[in-house]
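**Q** Before we start, here is the structure in question, set down as structure tokens.
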Amino acid sequence: MTLPSDPNRVIVFDTTLRDGEQSPGCSMNLNEKLEIALALRDLGVDVIEAGFPIASPGDFESVCEIAKQVHGPIIAGLARCNPADIDRAADAVKHAARPRIHVFLATSAIHREFKLRMSREEILKRAVEGVKRARDRIEDIEFSPEDASRTELDFLAEVVERAVEAGATTLNIPDTVGYAVPEHYAAIIRHLKKHVRGIEKCVLSVHCHNDLGLAVANSLAALKEGARQVECTINGIGERAGNTALEEVVMAMRTRQDHYGLSTGINTRLLLPTSRKLSHATGMQVQRNKAIVGQNAFAHEAGIHQDGMLKNASTYEIMRPEDIGLSRTELVLGKHSGRHALRQKIVDLGYHLSDEQLNKVFDAFKVLADRKKDIYDADIEALAESQLQDTVKKIWTLQAFTCNAGTGTLPSASVALWRADGQILRDASLGDGPIDSVFKVIDRITGFSLKVVDYRVRAVTFGGDAQGEAFIEAEYDGKKHTARAVSTDIVEASAMAYLDLVNRVAARVDRDRLKPTDHVATDTVPGQAAAAKS
Ligand code: KIV
Ligand code: ZN
């Protein structure tokens with residue numbers, strides 16, 4: 001890759017779709033990954049690490065699609081230091097105008113002894129072979145000595161030097177287990193800059209985990225020592241306590257330009273929209289008091305603070321809310337807003353929807369406007385998000401439901417589902433609560449039984465008529481699936497999300513299950529069967 005001509009320009013390498021996505025609770029489907037990749041491009045990141053192609057066919061496909069469809073940033077794919085991984089990564093990223101392979105190999109004594117069972121010599125050989133193989137396929141090669149911060153400094157310098165000789169163009173120094181502290185991490189960078197021959201030809205990169213809450217501080221300390229690529233994720237998602245949060249490290253460099261003298265290519269006004277988009281896609285909410293993008297990050301409650309703010313915002317604010325994309329006034333759409341206003345709003349919120357998807361959002365918007373007086377940005381985001389879920393052909397759709405619950409009564413529900421062949425299926429069940437009862441009826445009608453492992457409901461906006469978003473993660477046959485749905489009625493949102501999961505699972509298994517189970521009442525709706533076939 002070509003080095004930026006400005007020596008103080010930091011390359012932002014985003015690994016939300018790789019290190020972030022592989023962590024629990026953060027999985028995304030292909031549409032969601034593409035949408036996040038487009039958002040990262042709009043945000044101005046320099047490198048998108050799109051996935052780990054050898055990990056699964058789904059990962060391979062998403063890296064290929066991002067490489068084909070997302071133009072501008074470098075698209076990187078991760079590979080262990082072995083031929084199969086490297087070839088798979090090369091095959092995935094080759095579609096990009098600017099592809100990169102990111103090869104990694106653990107170097108610390110603890111990993112050498114217990115994980116790899118390899119000597120120092122074997123590690124050196126493997127690293128050189130891996131970088132060379134990758135370099136035969138792609139010009140831009142990043143090498144990471146995994147667990148670098150716990151590797152003996154002399155050996156780390158040796159591995160890194162060999163990787164440079166073999167053709168690595170970026171050298172990444174991961175603090176894989178979040179063990180480093182700022183002075184220690186800065187000293188590693190200083191040591192490598194001093195002792196590794198040829199290092200000046202490469203970009204030095206930092207990759208920190210947040211186990212001690214120091215990922216951003218460590219990254220900044222390394223940048224101050226001359227590292228010029230920072231690896232990070234939106235909202236800091238990632239393994240265990242997460243990775244360096246992109247929004248935090250970027251705003252620290254910007255707000256304290258006087259101290260660091262560094263710049264990035266990030267359009268900071270898109271930080272909040274991108275953060276919100278990722279929360280929607282993963283169902284993982286940002287903590288209220290999270291720096292930069294948390295709900296409280298710009299809220300002033302104390303009287304003295306409010307007084308100071310009214311006199312001059314800089315008394316208590318070191319950043320302007322608008323600089324991270326927080327607008328004080330949200331344009332509210334309503335019943336009479338037209339298709340054009342909605343389209344503009346969706347574009348402003350950073351979504352890339354097709355005409356067909358926009359039409360569906362418009363229809364849903366009109367239904368919502370009848371149920372709810374004011375429609376906020378978050379409502380529109382929720383409608384747009386629902387278009388990014390997997391587009392599986394639905395076998396069952398919710399026609400109607402009722403449920404009963406209360407102190408001293410047995411919770412129960414009855415549900416009617418439309419089936420793709422035009423039949424309406426009805427059944428009822430008791431359960432542990434109204435939502436459990438609805439799920440049980442859906443199980444009875446469809447013949448599937450999913451194990452719910454995570455279930456969350458949140459208000460999308462505020463006020464008594466706010467939409468509720470239900471997020472469900474469920475397991476079937478050892479495989480996890482996620483779905484979400486929004487409605488002004490949270491039981492309905494939950495039923496729709498659960499049914500969506502059942503449809504996804506059913507799309508993958510045998511069609512015999514389409515035959516009605518004995519206990520289910522059925523009737524046929526004229527016209528539905530024909531519509532279902534079309
Ligand atoms: O944390 C780590 O070491 C990694 C490497 C693959 C760079 O994520
Ligand atoms: Zn990592």
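**Q** I need the trypsin sites (Lys or Arg not before Pro) found in the range 287-356, filtered to DSSP loop residues with at most 16 other beta carbons within 10 Å of theirs.
**A** 288, 328, 335
**Q** Next up: May I ask you to list the lysines whose Cα is less than 19 Å away from that of residue 224, ignoring any residue fewer than eight positions away on the same chain?
**A** Within the straight-line limit of under 19 Å, residue 224 reaches these lysines: 193, 194, 201.
**Q** Answer rounded, prolate or oblate for the range 120-237, using the Cα gyration tensor with square roots of eigenvalues a ≥ b ≥ c: rounded when a/c is under 1.5, else prolate when a/b is larger than b/c, else oblate.
**A** prolate
**Q** Can you show me the helix-derived [θ] at 222 nm for the chain, built from DSSP H runs with n ≥ 4 at -39,500 (n - 2.57) apiece and divided by the number of residues, rounded to the nearest 500.
**A** -12000 deg cm²/dmol
**Q** Please report, in debye to the nearest 20, how large the charge dipole of the chain is about its Cα centre when each Lys and Arg carries +1 at its beta carbon and each Asp and Glu carries -1 there.
**A** Roughly 540 debye, rounded to the nearest 20.
**Q** For the range 11-282, what does the alpha-carbon gyration tensor say about shape, rounded, prolate or oblate, given a ≥ b ≥ c as the root eigenvalues, a/c under 1.5 as rounded, and a/b over b/c as prolate?
**A** Oblate is the answer for the range 11-282, as a/c is 1.5 or above yet b/c matches or exceeds a/b.
**Q** What do the square roots of 5 times the Cα gyration tensor eigenvalues come to for the range 232-358, in whole Å, largest first, as semi-axes of the equivalent ellipsoid?
**A** Computed over the range 232-358, the values are 28, 21, 15 Å.
**Q** I need the chymotrypsin sites (Phe, Trp or Tyr not before Pro) found in the range 441-500, filtered to DSSP loop residues with at most 15 other beta carbons within 10 Å of theirs.
**A** 462
**Q** Here is a further query. For the range 246-283, state which trypsin sites (Lys or Arg not before Pro) are in a DSSP loop and have at most 14 other beta carbons lying within 10 Å of their beta carbon.
**A** Answer by residue number: 256.
**Q** Sticking with this one: In whole Hz and in residue order, list the ³J(HN,Hα) couplings for the range 185-199 that follow from phi through the Karplus curve 6.51 cos²θ - 1.76 cosθ + 1.60, θ = phi - 60°; x for Gly and Pro.
**A** With coefficients 6.51, -1.76 and 1.60, one gets 5, 4, 5, 5, 4, 4, 4, 5, 4, 7, 10, 9, 5, x, 5 Hz.
**Q** Take the alpha carbon gyration tensor of the range 187-306, find the square roots of its eigenvalues, order them as a ≥ b ≥ c, and report rounded if a/c is under 1.5; if not, report prolate when a/b exceeds b/c, else oblate.
**A** Prolate.
**Q** Over the Cα atoms of the range 329-389, what Rg and Dmax result, in angstrom?
**A** 10.3, 30
**Q** Can you return the lysines within cross-link range of residue 68? Criterion is Cα-Cα under 22 Å, with same-chain partners fewer than 8 residues away left out.
**A** Partners within reach: 33, 94, 277.
**Q** If you find the alpha carbon centre of the range 243-282 and of the range 9-83, how far apart are they in angstrom?
**A** 18
**Q** The range 317-370 to the range 371-425: how many Å between their Cα centroids?
**A** So the two Cα centres are separated by 23 Å.
**Q** Another one. Quick one: putting +1 on the C-beta of Lys and Arg, -1 on the C-beta of Asp and Glu, what dipole do you get for the range 269-426 around its Cα centre, in Debye to the nearest 20?
**A** Computed charge dipole of the range 269-426: roughly 360 debye.
**Q** Among the lysines, which have Cα under 20 Å from the Cα of residue 372 when same-chain residues fewer than 8 positions away are ignored?
**A** 335, 345, 360
**Q** Follow-up question, since we're still on this one. Which residues make up the longest stretch of the chain that has no GluC sites (Glu not before Pro) in a DSSP loop with at most 16 other Cβ atoms within 10 Å?
**A** Maximal segment without exposed cleavage sites: 331-534.
**Q** Å³ per residue of the Cα convex hull, for the chain?
**A** 183
**Q** If you don't mind, there's one more thing I want to ask. Could you work out the pair-distance distribution P(r) of the range 383-481 from its alpha-carbon pairs, with 10 angstrom bin width and percents rounded to whole numbers?
**A** Spelled out bin by bin, the range 383-481 gives 13, 35, 42, 9, 0 percent.
Since every read-out is calculated from the coordinates, none of them should be taken as a lab result. Quick caveat, the model's predicted, so the values are computed rather than measured. Here Cβ is always computed from backbone atoms with ideal geometry, including for glycine, and neighbour counts include all displayed protein chains.
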